[in-house]
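> Handing you a structure now.
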Amino acid sequence: MGDIKPIDGREGCVGGIEAMTVDGRTWFFGFDYSMDTVVSPLIDDPERMAEFASEHMLQTDGPHDVVYWRDLVDSAVEESGIVGEDEDRTYDSETLAAERLSPSSQLMYLMGAATGWESEFLEEDDVQAMFETIGVPDRDRDDWDCLEKCIEAARSDDAEVRAAGTRFMKRYQSFIFDNLPANWPEVFAALRPLSSPPA
């Protein structure tokens, strides 16, 4: 990975370390809890994660050395500040692929945090038309909380609502994958939309 740099615009964030497992491999990443935002690429080496954090992240009382951060890296394997259960931070490619159009709440949150909550596509005319069919209230159309309703719509007994929900989730899938930063698309390659060939 060479010199590991923060995700663009996320240098010097105050935060901590999170860990998750994808296909049996443990990955670490920096996380800004006040902004609900991922700070770093995914890093699979504890020492390199500590070095990254020491160079590019802060605590509320300022910078700290590698030894300090290494303790936080080790603790991240046992405890998380963003999920309550270990099963919510353990993924495998088969499950990820199956959840493309019906992601879990935790997966939606993680992808949103990794993209920095990019949401401009929610304002596009065709997406707004989907919201109208699905029944998303105007007040919720610029907020990622609308995803839960769209997932429900994709499972609806109403054919028109189900079609709109499915179209939305396919658009969401493509948008999120296109906006995942650093090496996140490679680690979460199973989420790649079926219509997009590998690079």
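The values are calculated or read from the model by the stated rules, or taken from the named source; none is laboratory data. None of the values given here were measured: they were computed from a predicted structure. Heads up, the Cβs are rebuilt from the backbone with ideal geometry, glycines too, and the neighbour counts pull from every protein chain shown. What goes into the accessible areas is simple: the full protein's heavy atoms, side chains included, and nothing from ligands, DNA or RNA. Shrake-Rupley method; radii C 1.70, N 1.55, O 1.52, S 1.80 Å.
> Can you name every residue in the stretch 5-36 that is of a type in the set (Val, Ile, Thr) and open to solvent by 20 Å² or more (accessible area, probe 1.4 Å)?
Within the stretch 5-36, Val14, Thr21, Thr26 meet the criteria.
> Just need a number here: residues in the stretch 23-39 that are touching a residue at least 60 places away in the same chain (Cβ under 8 Å) and within 12 Å of the chain's Cα centre (by Cα).
4
> Kindly indicate whether Tyr68 is of a type outside the set (Val, Ile, Thr), in contact with a strand residue (DSSP E or B) (Cβ under 9 Å, 6 or more places away or on another chain) and under 19 Å from Gly9 (Cα atoms).
No.
> I would also like to ask the following. Give all pairs with beta carbons closer than 9 Å in which a residue from the stretch 93-104 that is closer than 17 Å to Ala153 by Cα meets a residue that is of a type in the set (Lys, Arg) and part of a helix (DSSP H, G or I); count only pairs at least 6 apart in sequence or on separate chains.
Taking only residues 6 or more apart or on different chains, the pairs are Arg100/Lys170; Leu101/Lys170.
> For the stretch 97-128, how many residues meet the condition of being hydroxyl-bearing (Ser, Thr, Tyr) and in contact with a strand residue (DSSP E or B) (Cβ under 7 Å, 6 or more places away or on another chain)?
The total comes to 0.
> Shifting gears a bit: Listed residues Ala163, Ala182; which is modelled with pLDDT of 95 or more, part of a loop (DSSP other than H, G, I, E, B) and open to solvent by less than 80 Å² (accessible area, probe 1.4 Å)?
So the residue among Ala163, Ala182 that is modelled with pLDDT of 95 or more, part of a loop (DSSP other than H, G, I, E, B) and open to solvent by less than 80 Å² (accessible area, probe 1.4 Å) is Ala182.
Each row is one residue, and each column tells you yes or no for (1) free of Cβ contacts under 8 Å to residues at least 24 places away in the same chain; (2) not in a helix (DSSP H, G or I).
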{"position": "Phe121", "(1), (2)": "no, no"}
{"position": "Val127", "(1), (2)": "no, no"}
{"position": "Glu132", "(1), (2)": "yes, no"}
{"position": "Trp144", "(1), (2)": "no, yes"}
{"position": "Glu148", "(1), (2)": "no, no"}
{"position": "Ile151", "(1), (2)": "no, no"}
{"position": "Arg155", "(1), (2)": "no, yes"}
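> Still on this structure, I have one more. Inspect all residues belonging to the stretch 90-97 and state whether any of them is crowded, with 17+ Cβ neighbours inside 10 Å, within 30 Å of Cys146 (Cβ to Cβ) and of a type in the set (Phe, Trp, Tyr).
Yes, the stretch 90-97 contains a residue that is crowded, with 17+ Cβ neighbours inside 10 Å, within 30 Å of Cys146 (Cβ to Cβ) and of a type in the set (Phe, Trp, Tyr).
> Mind checking which helices (runs of 4 or more DSSP H) fall wholly inside the stretch 14-116 and carry at least 1 residues that are within 19 Å of Asp3 (Cβ to Cβ)?
The helices (runs of 4 or more DSSP H) meeting that bar are 46-56, 66-78.
> Which condition number in (1) surrounded by 13 or more Cβ atoms within 10 Å (Cβ to Cβ); (2) touching a residue at least 60 places away in the same chain (Cβ under 8 Å) is the one that Gly81 fails?
(1)
> Related question: Just one of the numbered conditions (1) more than 18 Å from the chain's Cα centre (by Cα); (2) assigned to a helix (DSSP H, G or I); (3) β-branched (Val, Ile, Thr) is not true of Ile4; which one?
(2)
> May I pose another question? Val73 passes all but one of (1) modelled with pLDDT of 95 or more; (2) within 16 Å of Met111 (Cβ to Cβ); which number fails?
(2)
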